[in-house]
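The values are calculated or read from the model by the stated rules, or taken from the named source; none is laboratory data. Note that this is a predicted model, so its numbers are computed, not measured. Cβ: placed from backbone, ideal geometry, glycine included. Neighbour counts: every protein chain shown.
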Amino acid sequence: MTRVNSSISIVILSLFCGLSAQSQEKKTVSQPPHHLKAGVHCFDCHQEEKPTKKAVASDSCMTCHGDYPAMKAVTKNAKPNPHDSHLGEIPCTECHRQHQPPVVKCLECHEGKYKFNIR
Ligand code: HEC
Ligand code: HEC
Ligand code: HEC
Ligand code: HEC
């Protein structure tokens, strides 16, 4: 009985630690829900445990999502295809910003012309 009780309290304790670690992370810097839910870690993008202002390379994104030709295939039904344009292979984060809402760079020049569903 005591043995069961102590394993329950260990479970509760670790749950609590997990939760407070998560809310602490949230306070420091916000992440989009799709990456938060998928458990994408700071290191996966920044390649360092304590991220600084250093830019995040598209290579980090491509490790999980694939390169431009792959992304072009994924969004082949979008008109026009944001991953296959006259802008070429610009950094992913020009549009998919992570700690701020995403922006579709195309619309800076083609305002109101196209509709996208970016995350
Ligand atoms: C999915 C990729 C990704 C993940 C995961 C991620 N970041 Fe970032 N981070 C970026 C990008 C991209 C930038 C550049 C600014 C931007 O586009 O939002 C950035 C910028 C930053 C900056 C500089 C802020 C500034 O104002 O320039 C800090 C600090 C930072 N991230 C901390 C973190 C921490 C801490 C975590 C984990 C909790 C984290 N990041 C997780 C992609 C990521
Ligand atoms: C460690 C792997 C990993 C890294 C690194 C990563 N992602 Fe993701 N990303 C995921 C997973 C897992 C999901 C959720 C499942 C999905 O929708 O593909 C996701 C979701 C997304 C989505 C939403 C997909 C949708 O269906 O709308 C976008 C956009 C995205 N990531 C872009 C990026 C960009 C840009 C970077 C680099 C700054 C990046 N990711 C870095 C794994 C990663
Ligand atoms: C010029 C802006 C822009 C750039 C740069 C960009 N994307 Fe996107 N991305 C978009 C838009 C817009 C969508 C949504 C398209 C739609 O409406 O279906 C999207 C959708 C996505 C999705 C979700 C696809 C799906 O439907 O499942 C992923 C994942 C993604 N991008 C990853 C990347 C990666 C990785 C890079 C860099 C190699 C990148 N993007 C570069 C604008 C961009
Ligand atoms: C710096 C401004 C600028 C940005 C950013 C930009 N474009 Fe353009 N785009 C132009 C100009 C200028 C033209 C040629 C004039 C025109 O057709 O509107 C053009 C032409 C086009 C055309 C051909 C138009 C047609 O009706 O035949 C498409 C499609 C297009 N852009 C898509 C995109 C996409 C997708 C993005 C984002 C990935 C993008 N553009 C980003 C300036 C821009």
- Do we find that C61 is within 9 Å of ligand 3 (Cβ to nearest atom) and either loosely packed, with under 13 Cβ neighbours inside 10 Å or modelled with pLDDT of 95 or more (or both) in this structure? yes
- Do the conditions hold for H41, that is, is it free of Cβ contacts under 8 Å to residues at least 24 places away in the same chain, closer than 20 Å to Y114 by Cβ and not basic (K, R)? no
- Message: Here's a check for you: in the stretch 38-97, which residue that is in contact with a Lys or Arg (Cβ under 9 Å, 6 or more places away or on another chain) and in a helix (DSSP H, G or I) is farthest from ligand 1 (Cβ to nearest atom)?
- Response: E94
- Task: State which residue pairs qualify: first residue farther than 18 Å from G66 by Cβ and inside the stretch 89-113, second residue among the basic types (K, R) in any location, beta carbons under 7 Å apart, and separation of 6 or more residues or different chains.
- Result: P102/R119; V103/R97
- Would you mention how many residues in the stretch 107-118 are surrounded by 10 or more Cβ atoms within 10 Å (Cβ to Cβ) and within 15 Å of ligand 2 (Cβ to nearest atom)? 2
- Query: Among the candidates D84, D59, which residue alone is free of Cβ contacts under 8 Å to residues at least 24 places away in the same chain and away from ligand 4 (no atom under 16 Å from the Cβ)?
  - Reply: D59
